[in-house]
Amino acid sequence: PDDPHWLSGIQCFVRSSMVEVFSLTEEDIEEGDDQYDNAELGQVGIRCKFCAILQPKLQPKGYVYFPDSISCIYQCVADLQRRHLISCPEIPEDTKKFYKTQRGFAAKAEGETQQYWIDSARELGLIDVIENGGVRFFRDPMANSLADDIAKERSGYDGRTSSLYHHYDKMSLVRPSDRSVATDHVVLLLHQVRPCRFKNSDRRGGPGSRGRDRALGFPGIACIHCSTKNNFGRYFPVASKSLADNTVNSIMSHIYGCSRCPEAVKASLVYLSHRSILQKVELGGGWKKTYFKMVWDRLHIERAWIKKDANDGGVNIAEESIAEAIKEKGDDESGNESGIGSDMEDMVKAAAAWLTDRDAGNGTTQTVRTRGG
């Protein structure tokens, strides 16, 4: 659905109506001719969809190409277009007539166009085979991708109070209504993290540790794929601004390199980075600040996740820990007056929520001794 924004008219038409990708089967190898001699079972090829339905003996030379990698797919389609499609006798007349009116399939793709071909191939479920070369499917290409699901949710949510959207996972920081106020890329990225609490094992020590370490129990976010295996992928921003500016970039870098994160998630995230360029324009300049302030409030103020997080190794923050966190924040940013106001406001609101729960007799709050004893 994003092709028209990044590709020329003829590229869109060739991709949608003239060529197809396929995975080589045993039947193909047995019935095919020498065009499959250098290909292996399961390898992905690109072929003319009109010649593909012919009997193997009637299929012309050059109607199929096997790319060495997903970065070669554009070149394979370009070669197929110049050497076969332009003279293929099996193409219906109406299709051929429209095809000849189109222009813009350059011999070599550059910049964003080339990257879109690569990223859309991954989104389809294609991946390079390192051992033997070539391309294979890592998932069923006929099934919806995560990007497809996000787009379907966006089109299905109209902001009304439908019972379908009343229920959500309270351990998630994403809500159904977020589809209208954030990019699909950010929504899918935040689906890859969950709330957590600062633990002793999160302390790093060493130079700069005072700025990095937090009070025990301080809320943060952790990668859902590996946070239970080690202490990587855990982040504890001190304010909504740092969440939006720094933490999100750190999460993104972690997810792309996370060995436990499924390839389907990484592929859809990369693909949605193209869509997000257009969505950011639609949302306007202040969307990021507004949205991550909402996410911060869900983590620190609303805290719908807190009852389910009893086994996350931390306890609720009492006033001593809160005061310490606020003091550290004030000390770290004493020379940056422009950032103190909003960040301190976030911390004060979070502190007020914790203390209100404690004073109300919240059973999950742990009593902490004062410094005097």
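The values are calculated or read from the model by the stated rules, or taken from the named source; none is laboratory data. Not measured: the values here are computed from a predicted model. Ideal geometry is used to build each Cβ from the backbone, glycine not excepted, and the neighbour counts take in all protein chains shown. Just so you know, the surface numbers come from the protein's heavy atoms only, side chains and all, with ligands and any DNA or RNA stripped out. Shrake-Rupley method; radii C 1.70, N 1.55, O 1.52, S 1.80 Å.
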Over segment 91-101, the set of residues surrounded by 17 or more Cβ atoms within 10 Å (Cβ to Cβ) and in a loop (DSSP other than H, G, I, E, B) is 91
Selection from segment 20-38 of residues hydrophobic (A, V, I, L, M, F, W, C) and open to solvent by 20 Å² or more (accessible area, probe 1.4 Å) yields 21, 29
Picking from 23, 17, the residue that is among the small types (Gly, Ala, Ser) and touching a strand residue (DSSP E or B) at 6+ places or on another chain (Cβ under 7 Å) would be 23
If we keep only residues of segment 68-90 that are outside any helix (DSSP H, G or I) and of a type outside the set (Asp, Glu), then the residue surrounded by the most Cβ atoms within 10 Å (Cβ to Cβ) is 88
Residues of segment 28-67 being in a loop (DSSP other than H, G, I, E, B) and touching a residue at least 60 places away in the same chain (Cβ under 8 Å), in sequence order, are 39, 40, 42, 43, 66, 67
